[in-house]
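Taking it in order: structure first as structure tokens, then the write-up.
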Amino acid sequence: MTSTGVKTRYEELRVENVGPIKLANVRFGDMTVLVGPQATGKSLFLQYFRLTEDLGYVQDQLLKYGIDWGQDLRHFLAAYLGEGLETTWQEGSSLRKNGQPFKLEEKVRRKQRSKEPAVFYIPSQRVVTLADGWPRRFQNFGAADPFCLRDFSETLRQLMEEWRGNDPKIFPRTKKFKSEYREVLSDCLFRSFELAIDRYGFQKRLVLRKSEGPSIGYMAWSAGQRESVPLLLALDWLMPPAATDRRTPIQWVIIEEPEMGLHPKAISAMLLLVMELLYRRYRVIVSTHSLHVLDVVWAIQRVTKAQEVLEIFDVRQTPSLIRVSEEILKKSFRVYYFAPAGTTADISRLDACSESLEEAGWGGLTEFTGKINDIVAKVVSRQELTSERE
């Protein structure tokens, strides 16, 4: 807080000597993208970021489900990050939020003020939330499972348990997502199927169904459908159809690997929904291993007209989406590369001609494509030379 009592905008987080991270210094845009190989600390960074915003909420939830860390930081981190990951916080570990020390050890030793969450965290492991087609309870996870997964699943479960109305259909529904989004999602994910709530004996479950024929249970869905449904349920909740355009007090939406299990066209559909989040004034952080995600960010930073934004996503140019695109062009985008050496690099310009290898290779995501192009070029050159000699 400032001296006037106005909350300072969250601009920067510096994480030092935490797990594989030696030094990560990230300045946030309206949308921030984290890239880099596995096990370089992206998820750890995001989970520690959440602590700097939601420590009171995390403590509330752990105590609610009978988890007491006894004022011990290691016990708290074991419960929060998952058993075994408490060792990521070492001697010399530190967090700095907007340049100010965030004294995690001191804060964990005492109960922080209760609060509603400012961060909605959609984890990469979201596919395991739907046990037999219904979100699992917080208590149904084990000690090794991270809080972000438990909390996400419990949130989805509560949303589904509170579902009201005689129509069990969840998607597509009028007033749930813009009609243009429903068209795109139906085309690339559900085809002629509907997502609905069904009863199997006394138990509710999510199924895919057509107007005729039997319902299709969760385990018979495609991999992309199993991966995307938990994400869609979360995004649906974050986009209320009422006069208010977002869920308060949520300010941040974290999405880990939105591309998981999806065809490029479906990835574009998910990123279109991310643009809607930005339009609704959420700040979004995405971690990804997908070149497709960076292609979209690169293109948005270079186009100048709303119509061109919609051409990127190959969707109808309706007045509603034009308004979204006009706002997207005003947003700031940041991209950071998490290197195996434990450091980060700001590659936000995504300049293929940059002297920085991290930026020129878009955090390693274009490296394989470039290598293949070089190999094929050599083969073609050799074949042409052989043909000339003959």
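The values are calculated or read from the model by the stated rules, or taken from the named source; none is laboratory data. Quick caveat, the model's predicted, so the values are computed rather than measured. Cβ: placed from backbone, ideal geometry, glycine included. Neighbour counts: every protein chain shown. Areas reflect the complete protein model, heavy atoms only, side chains present, ligands, DNA and RNA absent. Shrake-Rupley method; radii C 1.70, N 1.55, O 1.52, S 1.80 Å.
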Residue-count net charge about MET260 - beta-carbon cut-off 13 Å; Lys, Arg +1, Asp, Glu -1: -2
Compute the FRET efficiency between GLN383 and SER354 as 1/(1 + (r/R0)^6), taking r as their Cβ-Cβ distance and R0 = 51 Å, and round to the nearest 0.05. 0.95
Treating cross-link reach as a plain straight distance, find the lysines whose alpha-carbon is under 24 Å from the alpha-carbon of LYS176, omitting any fewer than eight places away in the same chain. LYS204, LYS210, LYS265
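At a 1.4 Å probe, what is the % contribution of carbon and sulfur to the accessible area of the range 202-264?
Carbon-and-sulfur percentage of accessible area, whole number: 55.
Can you list, largest first and rounded to whole Å, the semi-axes you get for the range 256-298 by taking the square root of 5 times each eigenvalue of its Cα gyration tensor?
17, 11, 10
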The range 87-179, relative contact order [Cα under 8 Å, separation at least 6], %: 19
For the chain, what is the convex hull volume of its Cα atoms per residue in Å³? 196
Testing the spin-label approximation: label points 7 Å from Cα along Cα→Cβ at ASP72 and GLN90. State their distance in nm. 2.1
Which residues in the range 78-99 place their backbone N less than 17 Å from a point set 7 Å from the Cα of LEU63 along the Cα-to-Cβ direction? 79-80
One finds the C-alpha centres of the range 153-190 and the range 233-286 to be spaced, in Å, by 14
Result for the range 270-326: accessible area per residue, probe 1.4 angstrom, in square angstrom, of 39
Label-point separation (nm) for SER114 and ASP167, each offset 7 Å from Cα along Cα-to-Cβ? 3.7
Suppose each label sits 7 Å from its Cα in the direction of the beta carbon; what would the GLN301-ALA143 distance come out to in nanometres? 4.4
The chain: calculated mean residue ellipticity at 222 nm from DSSP helix runs of at least 4, using -39500 (n - 2.57): -12000 deg cm²/dmol
What relative contact order, as a whole-number percentage, does the chain give when Cα pairs under 8 Å and 6 or more residues apart are counted? 21
Under the Karplus relation with 6.51, -1.76 and 1.60 and θ = phi - 60°, whole-Hz ³J(HN,Hα) for the range 154-162, x at Gly and Pro, equal 5, 4, 4, 4, 5, 4, 6, 5, 8
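Considering only protein heavy atoms and a 1.4 Å probe, what is the carbon-and-sulfur percentage of the accessible area of the range 1-77?
49
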Whole number please: convex hull volume per residue, Cα atoms of the range 97-223, in Å³. 193
With a 10 Å radius around each residue's Cβ, average the other Cβ atoms per peptide and rank 268-279, 326-337, 181-192, highest first. 268-279, 326-337, 181-192
When the Kirkwood hydrodynamic radius is evaluated over all pairs of different C-alpha atoms of the range 185-300, what value in angstrom, to one decimal, is obtained? 15.7
Averaged per residue, the 1.4 Å probe accessible area of the range 38-92, protein heavy atoms only, in Å², is roughly 41
